[in-house]
Amino acid sequence: MYLISYIFLIIMILVGVAFVTLLERKLLGYIQLRKGPNKVGVLGLLQPFSDGLKLFFKEQTNLISSNFYIYYLTPIFMLFFSFSLWILFPFMGNSIELNLGVLYFFCITGLGVYGTLMCGWSSNSNYALLGGLRSVAQTISYEVSMALIMICILIFIFSFNLYDFIIYQKTFWFMFLSFPLFFCWFSSILAETNRAPFDFAEGESELVSGFNIEYSSGGFAYIFLSEYMNIIFMSTLTCIIFLGCDIYSIFFYFKVISMIFLYIWVRGTLPRFRYDKLMYLTWKLFLPFSLMLLMINLGILLTIFVY
């Protein structure tokens, strides 16, 4: 039953990715005062499937100077890590309950950057390598503050198990306990998933396309799937941690869609940050702020325990 549950979950996630891409193109179209995809199928509903077929049937480019095996295996490696994250989804039955789920999350997201770096390095292209190096520097910058933001919330539940968020948020959402922290977290997950305005690894204006410039056909499709699966997972994780976690309520999935909508809205509204500005934001603003809140929360908890 574990296997059937996760296979069904993965199939639903892949279908979800298809329609998130359609939602993004539609919303960006309306933000820019145009229609978006509306020709293939009713209201463009079959557009994601035609795009997927087109990607997989395109000609595969063979680079003469690339590191052949790393170049071809890295997109599969990235997709595997995106699938691995979904083990954390807190089913109440027929699932693997990870007591150290949050630590597992940080391990997998920390390894995810190696995929981007290897894509850039193995292509043997200057633009791709620059995109990979940017991604590594970006990851080092914000993952420290992201971990501290998570710890600020974890001290409310004294557990690394995501299932406990369901129990502790039945009557009160953690977003109301730490409202500014929610915005720091949201900015961090935008950077985590390489999304605008922090999409430095995929800078079209200055890096032609970035770390994935030399990929076509199936390789590009796997990278694309991996990126959008991470977006859906991060939106789900944000809802689990901050916005209540009743996963058997339809309201929970509306909250997830709202988070995905925020991702797209930010992309359609804000221009790309300057690269040094992100470093300044993470080291000079998010890190001191999350440390200060951690000290305050610990002080409050110690006061409660003492008295």
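The values are calculated or read from the model by the stated rules, or taken from the named source; none is laboratory data. These numbers were taken from a predicted model, which means no experiment stands behind them. Ideal geometry is used to build each Cβ from the backbone, glycine not excepted, and the neighbour counts take in all protein chains shown.
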Practice task
Kindly list the number of the only condition in (1) touching a Leu at 6+ places or on another chain (Cβ under 9 Å); (2) outside any loop (DSSP other than H, G, I, E, B); (3) not charged (D, E, K, R) that fails for TYR253.
Solution key: (1)
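What tally of residues in the stretch 207-222 results from selecting those that are assigned to a loop (DSSP other than H, G, I, E, B), crowded, with 20+ Cβ neighbours inside 10 Å and not aliphatic (A, V, I, L, M)? Can you show your working first?
Quick first cut of the stretch 207-222, residues assigned to a loop (DSSP other than H, G, I, E, B) only: 208-216.
Those still in the list that are crowded, with 20+ Cβ neighbours inside 10 Å too: 210-215.
From what's left, not aliphatic (A, V, I, L, M): 210-212, 214-215.
Summing the residues that are assigned to a loop (DSSP other than H, G, I, E, B), crowded, with 20+ Cβ neighbours inside 10 Å and not aliphatic (A, V, I, L, M) in the stretch 207-222 gives 5.
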Problem - Lone qualifier among LYS277, LYS284 - being surrounded by fewer than 22 Cβ atoms within 10 Å (Cβ to Cβ) and either modelled with pLDDT of 85 or more or among the polar types (S, T, N, Q) (or both) - result: LYS284
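The rows are residues; the columns are (1) more than 28 Å from GLY131 (Cα to Cα); (2) aromatic (Phe, Trp, Tyr).
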{"site": "ILE232", "(1), (2)": "no, no"}
{"site": "THR238", "(1), (2)": "no, no"}
{"site": "LEU243", "(1), (2)": "yes, no"}
{"site": "TYR248", "(1), (2)": "yes, yes"}
{"site": "VAL256", "(1), (2)": "yes, no"}
{"site": "TYR275", "(1), (2)": "no, yes"}
{"site": "MET279", "(1), (2)": "no, no"}
{"site": "PHE286", "(1), (2)": "no, yes"}
Practice task
Please verify whether the stretch 9-26 includes one or more residues that are of a type outside the set (D, E, K, R) and over 20 Å from the mean Cα position of the chain (by Cα).
Solution key: no
Fill in the blank from the handout: For the stretch 3-15, the count of residues that are touching a residue at least 12 places away in the same chain (Cβ under 8 Å) and either closer than 17 Å to SER84 by Cβ or not in a helix (DSSP H, G or I) (or both) equals 6
Handout entry: Residue satisfying all of: in the stretch 132-158; of a type in the set (Ser, Thr, Tyr) and either free of Cβ contacts under 8 Å to residues at least 24 places away in the same chain or buried (at least 23 other Cβ atoms within 10 Å of the Cβ) (or both); nearest to LEU294 (Cα to Cα) among these
Key = SER145
